[in-house]
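As structure tokens, the structure follows; a few thoughts come after it.
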Amino acid sequence: MANLGGPSPAKRRLLMRTTEAIMLYGAEVWADSLRYHKYRARMEAVQRRGALRISSASRTVSGPASQVIAGTIPIYHQALERRRIKMRKAEAILPITIVKREEREETICRWQADLVCETRGRWTALIIDDLKAWLERKHGEVNYYLTQFLSGHGYFRSFLVQIGKATDPECRYCGIEEDDVCHTFFTCPQWVSMRRSAEEVIGTLRPQTIIHEMIRNKSSWDAMAVFVASVLKAKKLDGRWEEEGDE
């Protein structure tokens, strides 16, 4: 699927859920086997491809980051959740709806704990620091541009250095700092006018609070989405961000 255009994230997510349902068939029986890395890795690879498509992400985005952005619960956590539900269902102490709700909350807590120790996708973990709120948000879909903001993989010098396509990360607009996702959207003076327009709706933009504001208010989500897309489109059109030096 194309990163720009094509099916909406909701439709892509539906395809992913169908794939997950197939992978999780009989998980109540074999879930414990996913404690072994070699078995888990095979299923994670399939799920990662789906998460990348849902979020229209670069293929360089890690599995943990792509799962968070796409809102796709890691397959091994889903399998273990099914096993726990089956065990509690046999006990017949609580209604199944309550059991499922409690076990989903447990799954999200375990996933959140995993991310604390995960070395990959640190920027994503920094700004999306409340998985429950992110997964249960009532508005807002990710897209090609928002995913660059959420992952840090995109039109940034630091990313070019990371993938071996540039030799230095210095911002080509201000020359003050490293051109990474944080600098681009929160401090670079080149985009101050666009940033102020977003701040008129959202308030002061801060990495630690921006996602909370976007989830809390649809107008904030929309304003940030416009800001992010405008900056990245301008960088792509201008081209200076990927130049190696003065001609």
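All of the numbers you see were taken from the coordinates with simple rules; none came from a lab. Quick caveat: nothing in here was measured; it's all calculated off a predicted structure. Don't worry about glycine lacking a Cβ; one is built from the backbone with ideal geometry, like all the others, and counts go over all protein chains shown.
Brief remarks follow.
- For the range 135-182, the equivalent ellipsoid derived from the Cα gyration tensor has semi-axes of 27, 12, 7 Å, listed largest first.
- Counting lysine pairs in the chain that sit 8 or more residues apart in sequence, or on different chains, and whose Cα atoms lie under 22 Å apart gives 12.
- Note, ³J(HN,Hα) from phi for the range 133-141, Karplus 6.51, -1.76, 1.60, rounded to Hz, x at Gly and Pro: 5, 5, 5, 9, 4, 8, 8, x, 10
- Spread of Cα-to-Cα distances over 5 Å intervals beginning at zero, given as percent, for the range 148-224: 3, 16, 23, 22, 17, 11, 6, 1
- From phi via Karplus (6.51, -1.76, 1.60), per-residue ³J(HN,Hα) for the range 184-196 in Hz, x at Gly/Pro: 4, 8, 10, 9, 4, x, 4, 10, 4, 5, 5, 5, 5
- The charge dipole of the chain, taken about the Cα centre with unit charges on the Cβ atoms of Lys, Arg (+1) and Asp, Glu (-1), comes to about 1380 debye, rounded to the nearest 20.
- Dipole magnitude for the range 154-242: about 260 debye, using +1 per Lys or Arg Cβ and -1 per Asp or Glu Cβ, origin at the Cα centre.
- Cut-off 9 Å between beta-carbons: net charge of the residues surrounding SER158, Lys and Arg +1, Asp and Glu -1: -2
- Label-point separation, LYS132 to ARG49 (7 Å along Cα→Cβ), nm: 3.5
- Calculated mean residue ellipticity, 222 nm, the chain: -18500 deg cm²/dmol, from DSSP H runs (n ≥ 4) at -39500 (n - 2.57) each, averaged per residue and rounded to 500.
- Excluding exposed DSSP-loop chymotrypsin sites (Phe, Trp or Tyr not before Pro) (at most 11 other C-beta within 10 Å), longest clean stretch of the chain: 37-247
- Both radii were evaluated on the Cα set of the range 1-120; the Rg over Rh quotient, with Rh as the Kirkwood radius, amounts to 0.99.
- The tail of the calculated P(r) for the chain beyond 24 Å holds 51 percent of all Cα-Cα pairs.
- Each principal axis of the Cα atoms in the range 85-167 has its own extent, and those three values, largest first, are 61, 29, 17 angstrom.
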